[in-house]
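The values are calculated or read from the model by the stated rules, or taken from the named source; none is laboratory data. All figures in this text were calculated on a predicted structure; none of them were measured in a lab. Positions of Cβ are backbone-derived with ideal geometry, glycine not excepted, and every protein chain shown enters the neighbour counts.
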Amino acid sequence: MNSDLVVISGGPGAGKTTVIEELRRLGFACVAEVARQIIQEQVRESGAALPWADRELYTRLMLERSIASYRAHASASRPTFFDRGIPDTLGYARLIGLEQDAPIREACQIFRYAKRVFLAPPWKEIYGTDAERKQDFAEAERTFDVIRQTYSECGYEIVELPKTSTRERAKFILTNSTGS
């Protein structure tokens, strides 16, 4: 386990990326969400590895990129904040009913982040869709529940982010990530 690799996760549209950007602005190392990068690339290249096309291929790419991202930052000696982690891929596989998830479960056990994971809860007042986020709010709530359960099953301590300003959320993470 690398206690300097801190995951911020949750359902879509709950403010994770905005908090990550605030942490980056404050001078912390931050790692972008690989799932969103894959969607942008696949759309640009007319690829099929998309959540609304070939979901299995999308999941496989998400796992590969998440592992590569972990490895690229594994030697971090200062807090590095991830917009989602490898267990998010397992959560997605569960959401889509992918039965062949053994490689994802194995990766979740091999590549370990800080024990304390921060989850942004569904927050209707800030929720919105965009070109890469097409889920409705009910699906965002289901996603949050699956992500919470998945991280818990993987042995992480779940800390839910308060529904407050981005700056206050960043402070909350910084205060509560020490020693995780």
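Here are some notes:
- Here the condition is being more than 28 Å from T175 (Cβ to Cβ) and either surrounded by fewer than 21 Cβ atoms within 10 Å (Cβ to Cβ) or among the basic types (K, R) (or both); of E56, E125, E141, it holds for E56 alone.
- Scan segment 22-49 for residues that are out of contact with any Lys or Arg (no Cβ under 7 Å at 6 or more places or on another chain), crowded, with 19+ Cβ neighbours inside 10 Å and either closer than 19 Å to D101 by Cβ or of a type in the set (G, A, S) (or both) and the total you get is 1.
- Among the residues making up segment 162-180, those that are outside any helix (DSSP H, G or I) and under 12 Å from R116 (Cα atoms) are T178, G179, S180.
- Helices (runs of 4 or more DSSP H) wholly inside segment 57-159 that include at least 1 residues being within 14 Å of the chain's Cα centre (by Cα), modelled with pLDDT under 95 and not aliphatic (A, V, I, L, M): 86-95, 137-153
- For segment 34-56, a residue qualifies if it is among the polar types (S, T, N, Q), in a helix (DSSP H, G or I) and more than 18 Å from the chain's Cα centre (by Cα), and exactly one does: Q42.
- When segment 51-75 is filtered for residues that are in contact (Cβ under 8 Å) with a residue 12 or more places away in the chain and within 22 Å of E139 (Cβ to Cβ), the ones remaining, listed by number, are P51, W52, R55, E56, Y58, T59, L61, M62, L63, S66.
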